[in-house]
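Rule-based calculations on the coordinates, nothing more; no lab input. This structure is a prediction, so every number in the text was calculated from the model and none was measured. Note: ideal-geometry Cβ built from the backbone for every residue, glycine included; neighbour counts use all protein chains shown.
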Amino acid sequence: MIVNMYVDHLMSPSPASAEEVWNATQVHSKLFSDAAARIGLTPAEYKEFRGNLLDGKAVFVKLPRRVDAMSGDRRGSVYAVHNAVLDQTVMGWRVALADGNVVYVPQVCGNISLLRHAAVAVRPPHHVTRRVAAAFHAPRTTYIAPVAPGPVTPVTVTPPEEVPAAPAAAAQVLPAAAASHGSILPFFIPAAVGGIVAGLVHGNTTPAPPCKNGSNALNVCSR
């Protein structure tokens, strides 16, 4: 199931600048602060992110295809898709944080996303010990291995497909045909219409996910 972030956007219309993104975080403060918490930003990181937006430190780039978390808003319910993989190239803003984490904002939807740093090399300070004929020891480097990602979730930011309107057209055509063939066809009309509708429903939609997990490609979800 592909989660449609175009439907579950945080911003509409699409922002034209990083300043518009910052303004949205100001006007819709609870929405964006909830989204930041969902994707794993600390309050300090979110404050730094907003400050960098305002200070012109956001760079317009091609976003990576995979992010650790991407936020969404489905009918007022904020959620996050973890280990999200975009199905296409998307442009947006890159905001680097001091701790190595990076916040991305896709231009098409404004859904703030997080890409954590892969690894951190910690170098303890080098202390010189004054001893006679003491050997020199290079400082150790502690490597923190990245956490292995879990199952990926495919996401899209394209408009959903239109649901076919053929059932209504079929219901209008069949009564006219029945009138020209006497009183026999009316007995078959309900079954014919029901079969057409069932075929369209089962043949042209994908299973609806829970709304808390976002919309699918056809802009539907179950309660």
*Compare the peptides 49-60, 104-115 by average per-residue count of other Cβ atoms within 10 angstrom and give them in order, highest first.*
104-115, 49-60
*Value of relative contact order over segment 1-96, rounded to a whole percent, pairs C-alpha under 8 Å and six or more apart*: 31
